[in-house]
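Right, one structure below, let's go through it.
Where a number appears in this text, it was derived from the coordinates with a stated rule and is not lab data. The structure presented is a predicted model; accordingly, all values stated were derived computationally and were not measured. Note that we place each Cβ from the backbone using ideal geometry, even for glycine, and neighbour counts take in every protein chain shown.
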Amino acid sequence: MTTLLHLDASARRAAISRELSAAFADVWRAENPDGAYLYRDLAAEPVPFIDEAWTELCDAVLALPATDLDRLAELVRTPAQAAAWAIVEPLLGEVLAADVILIGTPMYNYSIPAVLKAWLDQVTFPRMSLGHRRFVVTTARGGAYSPGAPKAAYDYQERYLRDFFAGHFAVQDSVFVNAELANSRMDPNLAHLRTAHDESYAAALQAVRDLAKEY
Ligand SMILES: Cc1cc2nc3c(=O)[nH]c(=O)nc-3n(C[C@H](O)[C@H](O)[C@H](O)COP(=O)(O)O)c2cc1C
């Protein structure tokens, strides 16, 4: 059975990144009626930051010759580590169960929201591989960061996640669908960019719907 893990990270309920991730999930679920669907709203129910006991578990993983994600529970030695593991276990279990991991995320301060970083910190262990899993990320940004845009070099959102998935998860299969210039919806000084935003949003919506049929 194929499984989709869907995460959202925007502090906004009426978020563009949520609309895009939901559009992907809707099509995916229609195309995969027997598939399993897991959903987690990282903004509504943030996962805790890692604590010292978590770092002890991480150090114990590093001390082993190789990382076996199915045996992390055996490394727990103290009550504090057991409490840390109790947070990690369901989060990591969802990741390991998933074939496709869908993340809807806004750009905050050129990067990702802290709630998404907190989730990444919880589920990431040294030398782990999520090799065969596929990542789809739907983003929204107030400005424009596509190649050629004046601020393209400031995109630490897509670049960070893409590099992280490749470097830490050994996942090369990550696709990003970005809706740009979202601030033109609110900022009168950016009203001249509203049409470009509408086009970017419409193209992103179509792209995620098309993409979902291939997954
Ligand atoms: C805390 C915060 C920081 C933001 N930082 C940036 C930024 O660095 N660059 C940018 O282009 N837009 C920035 N924005 C605008 C958001 O990216 C924009 O509102 C986008 O639509 C958010 O995605 P969402 O609609 O999925 O919530 C920021 C918005 C917030 C609330």
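Numbers at a glance
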quantity: Pick from region 20-40, criterion surrounded by fewer than 20 Cβ atoms within 10 Å (Cβ to Cβ) and under 17 Å from the mean Cα position of the chain (by Cα), ranking: nearest to ASN178 (Cα to Cα); calculated: ALA22
quantity: Pairs, first aliphatic (A, V, I, L, M) in region 123-143, second surrounded by fewer than 19 Cβ atoms within 10 Å (Cβ to Cβ) and in a loop (DSSP other than H, G, I, E, B), C-beta under 7 Å, six or more apart; calculated: MET128/THR67; LEU130/ALA170
quantity: Subset tally (residues that are small (Gly, Ala, Ser), closer than 30 Å to ILE16 by Cα and buried (at least 17 other Cβ atoms within 10 Å of the Cβ)) for region 71-113; calculated: 3
quantity: The lone exception for LEU116 - which of (1) more than 16 Å from the ligand (Cβ to nearest atom); (2) closer than 19 Å to ASN178 by Cβ; (3) part of a helix (DSSP H, G or I); (4) not charged (D, E, K, R) it fails; calculated: (1)
quantity: Any hit, region 75-98, residues being part of a loop (DSSP other than H, G, I, E, B), of a type in the set (A, V, I, L, M, F, W, C), farther than 23 Å from TYR201 by Cβ and away from the ligand (no atom under 12 Å from the Cβ); calculated: yes
quantity: Only one of ALA66, ALA43, ALA11 that is assigned to a loop (DSSP other than H, G, I, E, B), surrounded by fewer than 16 Cβ atoms within 10 Å (Cβ to Cβ) and within 16 Å of the ligand (Cβ to nearest atom); calculated: ALA11
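Residue-by-condition table, conditions (1) touching a strand residue (DSSP E or B) at 6+ places or on another chain (Cβ under 7 Å); (2) free of Cβ contacts under 8 Å to residues at least 60 places away in the same chain; (3) under 27 Å from ALA25 (Cα atoms):
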position: VAL61; (1), (2), (3): no, no, no
position: ARG71; (1), (2), (3): no, yes, no
position: VAL76; (1), (2), (3): no, yes, no
position: TRP85; (1), (2), (3): no, yes, no
position: LEU102; (1), (2), (3): yes, no, yes
position: THR105; (1), (2), (3): yes, no, yes
